[in-house]
Each structure stands twice: as structure tokens, then as C-alpha cells.
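One structure below.
The values are calculated or read from the model by the stated rules, or taken from the named source; none is laboratory data. The model shown is predicted, which means the values in this text are computed figures rather than measured ones. All Cβ positions, glycine included, derive from the backbone under ideal geometry; neighbour counts span all protein chains shown.
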Amino acid sequence: MTDEIEDNGDVEDAAIGSALSVITDGATGISIPKPVKRGFWKAAGRLVTAAVEVPVAHLEAKSGQIRADAAARKKLTDTASEALANKIGVSPEFARLAVQKEFQRIVLERKNLNAIVREAAKILENEEVSADEEIEPPVEEFLSQFEREAAPKSTEEMKQMFAKILAGEIRRPGSFSAMTLRRVGELEANAADLFENFCSHCTRSLDADGSVKHARMIVPDGSAGTDGLARYGFSFDQLTLLQEHGLLSVTLGTLEPLIEYIGNDKFFELNGKVFSIIPAHGRSPELEREVVGVGLSRVGLELLQITEQQSIDSYYNALSIYFREIGVKVMVR
């Protein structure tokens, strides 16, 4: 990576590469699609200021402030320790340790955010974005809350989840609400894994443009309250755990008339297949039948877009059998 940028070069590409080389300890070659560059820079400038300080200054054609060297940081620590000791009446050594610990926390949180932005950049690099698409950057309120919730996360799983959220918000501003950020900030690792598995079992109702209107895991027999989904890996207690994290609807086990599912103009997605549900040949659908399912909440629906679908052939086959038994069939599109 060179320090000079020719007049006919792409200044933003060079600056992004320079910043990411700091974030990724020297990795190069990452190219952010033009329509999302502004959003990425706004997020990176807010979340990893130390890493992008010089490139941002270059983009703005003015001098950037270089961070203090080790000696200056030591002086800052000593000054802060002395001020704390004088203010609350503790020994200078106690104050020094307290200030040092706080600095260590800040450094750790900055490292976490660096890693999250690095992963978000990789995700954005692979996004298919039309060159003439105009995408506004994330709003300040989102970035402020994102920083609060993401900074303490040190596990690779949670950093990856926040990276997906950041990339998703940069790509489609408004995709994630403040409530969703708070819920993810409180999410336990076991609940996150369970939720991703649950999403793979959800039948997604699609709009004409392919977006998801709602999603629910249909219970082929029994009910959610009587462990009807336990054979597929979701006991009542596990469903309650997801509900407590705000990922499932308030009521476990909602009813929808079968007729709401039938029609060539209605599209669903499950197990990587897009399909419609139509009357089976020679059968009269049990239109009075109500389909039992456990639906995602608003927060769950927002997070659905960042989950990776797993293959769930056994459940898909069981659902297909269930539909046949009530007089309808799955027609894959």
C-alpha cells in the first residue's frame, strides 16, 4: 500500500485499504462497493476512530491528528491517577491500578469493534449492489447504540453476529431497530445458536419482491405447549428461552386457517426451497383446519435476515407429509 495517491486514482478505495490494513493487521485487497462506501466510512469513522483517523483526514483533505505515543499515554495515565486519588481520597497506587484497568477495558472494547468492522467489510465486499443504487449511511442513533451493545462482545460468535448486523444496516438502512440491538446485546451464546437453528425450521411467507412478511415454525402434530416440536430439537423450555429473549411471539402456538396458506399466488420458503401450497389431486382440503405454529417476533424477523439456513430435510419431509394428510401438497417453484 503506497502513501501517495495519484490524481486519477480512486481516493476512497486507497483510504479504505489503508484503514482496513490497520484494522486487519496488514490485510489488503478489500474493495467496498461504491454505493455503500459512504455508509461504511461513517460507521468505521465512528466505531474505530483510531484505525481510520489518517485516511479520513486524507479524504477530507486536511491534516489528521496522530495518536499519542507510549510516553504520552503513560503521562496521561499518571495524570488521571493523580486526579482520581486527590478527588476520592485513595492511595495513588490504588488510583493508578483503577485507571489502568479502565484503560484496559477501553482497549479491549476498541479491539472488539475493530474486529467487527473488519468482518463487516468482508461481508460488504461480497454484496451484490447495483452501481447506480443510492444508499444513505446509517443514522447516528443506530451507530451510537450499536457501539454500546457491540463493544463488550469478545466471543467470535457474537462479534460475527454484530458484524452481520452492521453490514446489513449499511446495505439497507433501517433494517435493525434499537430494540433488536438491545436484545442482541443481552443474548446468551446458547440462545443465539438455538435461534439460528429455529430460523432454519421456519416457514417464511414471502412478498412479491421476495421479502419476508412473517415466519413461523409449523407444528406438524400436537402443539408447542405440549412439546410438539421436541422431536425436532425444540422443547417447551427451549422455546420459552427464545421467548424470554424477545425472539418469539408472545403466545407460543398461534393458529392460522389452512386457507390462508393455499394458492398459486402465495409463496413460502423453507429448507432452501421456494414453494406454494395447493390442493392435492383428488382431495378436498380440510379448509376448516387451523395450522399451529410458533412465530417470530419483530426482533426475530429482523434477525432472521442474518441467519444462515441449515439443511433440515427430516423436518421438511415431516411437514410435507402433514400437508398431504390434510389434503394439500407442496409445489416447489
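State which residue is modelled with the lowest pLDDT when the search covers only segment 110-146 and only residues that are over 21 Å from LYS37 (Cβ atoms) and surrounded by fewer than 17 Cβ atoms within 10 Å (Cβ to Cβ).
If we take residues in segment 110-146 being over 21 Å from LYS37 (Cβ atoms) and surrounded by fewer than 17 Cβ atoms within 10 Å (Cβ to Cβ), then ARG110 is modelled with the lowest pLDDT.
For segment 192-228, give me each residue that is touching a Leu at 6+ places or on another chain (Cβ under 7 Å), aliphatic (A, V, I, L, M) and buried (at least 18 other Cβ atoms within 10 Å of the Cβ).
Selection gives LEU194, ALA215, MET217, ILE218, VAL219, ALA224.
Return the residue satisfying two criteria in turn: it lies in segment 257-285 and is among the aromatic types (Phe, Trp, Tyr) and part of a strand (DSSP E or B), and of such residues it is farthest from LYS213 (Cα to Cα).
The selected residue is PHE275.
Tell me which residues, restricted to segment 286-328, are of a type in the set (A, V, I, L, M), in contact (Cβ under 8 Å) with a residue 40 or more places away in the chain and assigned to a loop (DSSP other than H, G, I, E, B).
ILE306, ILE312, ILE326
Could you grab the pairs with beta carbons closer than 8 Å, sequence gap of 6+ or different chains, first residue in segment 160-183 and of a type in the set (Val, Ile, Thr), second one assigned to a loop (DSSP other than H, G, I, E, B)?
Note: pairs meeting the criteria are ILE165/PHE176; ILE165/ILE306; ILE170/ILE135; ILE170/PRO137; ILE170/PRO138.
Could you go through segment 228-247 and let me know if any residue there is aromatic (Phe, Trp, Tyr), in contact (Cβ under 8 Å) with a residue 12 or more places away in the chain, out of contact with any His (no Cβ under 9 Å at 6 or more places or on another chain) and assigned to a loop (DSSP other than H, G, I, E, B).
Within segment 228-247, not a single residue is aromatic (Phe, Trp, Tyr), in contact (Cβ under 8 Å) with a residue 12 or more places away in the chain, out of contact with any His (no Cβ under 9 Å at 6 or more places or on another chain) and assigned to a loop (DSSP other than H, G, I, E, B).
Being under 19 Å from ASP207 (Cβ atoms) and within 15 Å of the chain's Cα centre (by Cα) is the filter here; which residues of segment 265-305 pass it?
Hits for segment 265-305 are ARG298, GLY300, LEU301, GLU302, LEU303, LEU304, GLN305.
Among the residues of segment 238-282, write down those that are of a type in the set (D, E, K, R), at pLDDT 90 or above and over 19 Å from MET331 (Cα atoms).
GLU244
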